[in-house]
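The values are calculated or read from the model by the stated rules, or taken from the named source; none is laboratory data. Computed from a predicted structure; not experimentally measured. Cβ placement follows ideal geometry from the backbone for every residue including glycine, while neighbour counts extend to all protein chains displayed.
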Amino acid sequence: MNLATFAVGAVQLALVVVGGPLLLGLMRRVRSRLEGRDGPPITQPWRDIAKLAHKQRTRPTESSWIFSAAPLVLVATAATVATLAPLIALTPPLAASTDFIAVIFVLLVGSVALALAALDTGTAFGGMGASRALTIGALVEPALLVAVLALSLPLHSTNLVAIVADGSRHASVLVGPSHLLALASFIVVILAESGRLPVDNPSTHLELTMIYEALILEYSGPDLALVTLGESMRLAIWLGLFVNLVAPAGVAANAGAAALVLGLVAVAAKVALVGTIVAVYEVTTAKLRLFRLPELLAGGFILALLGVVTGAVMR
Amino acid sequence: MILSLLGSWTRRRRVSERLPVAPAPVAAAVTLRHSLQLRHVDAGSCNGCEMEITSVFGPVYDAERIGARLVASPRHADALLVTGPVTHNMAAPLERTYLAMPEPRLVIALGDCARNCGVFAGGYAVAGAVRDVVPVDLEIPGCPPHPDDILAALRRFTNR
């Protein structure tokens, strides 16, 4: 633990905070262009956040401290992972103890905080959204954990930094069937965790079809700004982790300035590319019926399980 | 199949019409910072205005490019977009929606019915125009207003 690793953490945090809303703007822009529209500029989410930060904060009359704390918890957990995960360099702070399972559960704390806040508002849609979000969460987490198990087989370690470092040193790990199956399951998990199509429609106005949007219906002003920022940071983190597990090319092996700049550009470009692909996929697909979601998520679980089995057999 | 999809996308032309010069912004535009979230309330409309709102956010007029967006909750909204004469049944919900919005809050009355009850003036179900129930910041005339007029009015708020 030294000063350089903390510099890496600070740069990663700045990248995710600034880049998260821009990623959201880019995905909306791509979507608009495919629909034949111009669409908003990619800085629009930042304009929305700047405006919301100066608006009045409203609170439901019967809500408690949980409602006020949830946006802070959401942003704080996302910021923690953004600082500690190997996004632009293999030398983030506390690299020896960055466990993949811990990373998943720190992010889960943010989701649960938001679901509790939705229950706390006492509205019908908040409760419905919370129950749906946690139902999906309960189906996603097993798939995610089994995928982590598959990724950890070659090293006998769930240390996230070590897994990404192993991939960047030995390209053969990246094309192994166990690795590929685990990442295929990761795609399903990311779409579900970040509330994208076909699991949830992020631009829906119909309360009855909402999942994640229903959780934040009562937030306004600075609280809504924090929720928007937190959600976009989480999307950037999931995509950042995904690209570094698929293709860790460009991730800085040391904390030198040149390597860091290269790592920053590389991960930003890769995340922008994957974000564009997700946006294109979203234009071509429809939302799945809620009762068919378990089939999709069970498919993700099976892929991860096959990853573990092939990994264990091929050793 | 993927190749044919990609081909149809790259050939797809932009259908949005070019924007004319922006009209003069209203005073509230400063606090909006080029971003306008709208909550639509149908206070008793015949749905003619709703069809025009739909086309304003469609590909041809594309209000999203000027920073406007329809949202699902009054808590997220900067402005209330009210259509139709206010019926007795919708007067209280309209006022409660207005009070649920965070300050600073704006109201846009869209269409002749919202301005002065239009053809429904004097009807037994009509409580009055929108300005009789909540304070109105901007009125858009027309029955229904042309999407160009709605877009021009929204641009006075987003200043884009």
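What to note about this one:
- Scanning region A:122-131 for residues being farther than 17 Å from A:Val73 by Cα and in contact (Cβ under 8 Å) with a residue 60 or more places away in the chain gives a total of 6.
- In region A:42-59, the residues that are more than 9 Å from chain B (Cβ to nearest Cβ) and farther than 30 Å from A:Ala272 by Cβ: A:Arg59
- Residue match in region A:80-103 (condition: aromatic (Phe, Trp, Tyr) and more than 19 Å from A:Asn244 (Cα to Cα)): no
- Within region A:184-222, considering residues that are part of a helix (DSSP H, G or I) and facing chain B (nearest Cβ under 9 Å), the one nearest to A:Arg59 (Cα to Cα): A:Gly221
- Test: residue in region B:61-78 that is in contact with an Asp or Glu (Cβ under 7 Å, 6 or more places away or on another chain), farther than 27 Å from A:Arg28 by Cα and of a type outside the set (Lys, Arg): no
- Meets criteria (within 11 Å of the chain's Cα centre (by Cα) and crowded, with 20+ Cβ neighbours inside 10 Å) for B:Leu94: no
- Residue match in region A:244-260 (condition: of a type outside the set (D, E, K, R), buried (at least 19 other Cβ atoms within 10 Å of the Cβ) and over 14 Å from A:Ala89 (Cβ atoms)): yes
- Evaluation of A:Thr121 against (1) over 30 Å from A:Arg59 (Cβ atoms); (2) over 16 Å from the mean Cα position of the chain (by Cα); (3) buried (at least 20 other Cβ atoms within 10 Å of the Cβ) (one fails), failing number: (1)
- Region A:270-302: number of residues that are surrounded by 19 or more Cβ atoms within 10 Å (Cβ to Cβ) and within 16 Å of A:Asn201 (Cβ to Cβ): 4
- Filtering region A:264-279 for residues that are touching a helix residue (DSSP H, G or I) at 6+ places or on another chain (Cβ under 8 Å), more than 24 Å from A:Lys51 (Cα to Cα), assigned to a helix (DSSP H, G or I) and at pLDDT below 90 leaves an empty set.
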